[in-house]
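Following: one structure in structure tokens, then a few remarks.
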Amino acid sequence: MPIYEYRCPECSVFDLIRGMGEAPDSAPCPSCGKTSPRKMSAPHLSRAGSAQFRLIDDAKRSAHEPPVVTGLPGKGKNRPAYTANPLHQKLPRP
């Protein structure tokens, strides 16, 4: 449901939740009861968190600016070529 804003001439701005296209051009103020015209405001299209926006932006950026790869993934200098866990020795080898 969309949220519509109304500006009371006496009090302040208040919100009403109405169906799409069902909002009247004016509504009574909940505090004083005066007729208040509907205010033109910016739409709130998304209320996603910043982590979600970063993920979306990174996905869009990677489509046009992919990162440059300089080596194989997982074969860095800081990672040993073997595992020290004795349970891993029991796993089947390819």
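For first residues located in segment 32-44 and more than 16 Å from E10 (Cβ to Cβ), partners that are of a type in the set (G, A, S) and lie 6+ apart or on another chain with Cβ distances below 9 Å form the pairs R38/A23; R38/S26; R38/A27.
Total residues in segment 8-20 satisfying the condition of being small (G, A, S) and either modelled with pLDDT of 90 or more or more than 17 Å from K39 (Cβ to Cβ) (or both): the figure is 1.
Looking at A48, is it modelled with pLDDT of 85 or more and either in contact with a Gly (Cβ under 9 Å, 6 or more places away or on another chain) or surrounded by 10 or more Cβ atoms within 10 Å (Cβ to Cβ) (or both)?
Values: modelled with pLDDT of 85 or more: no; either in contact with a Gly (Cβ under 9 Å, 6 or more places away or on another chain) or surrounded by 10 or more Cβ atoms within 10 Å (Cβ to Cβ) (or both): yes.
When the stated conditions are applied, A48 does not pass them.
The values are calculated or read from the model by the stated rules, or taken from the named source; none is laboratory data. Computed from a prediction, not measured in an experiment: that's the story for all the values here. So basically every Cβ, Gly included, is an ideal-geometry build from the backbone, and we count neighbours across all protein chains shown.
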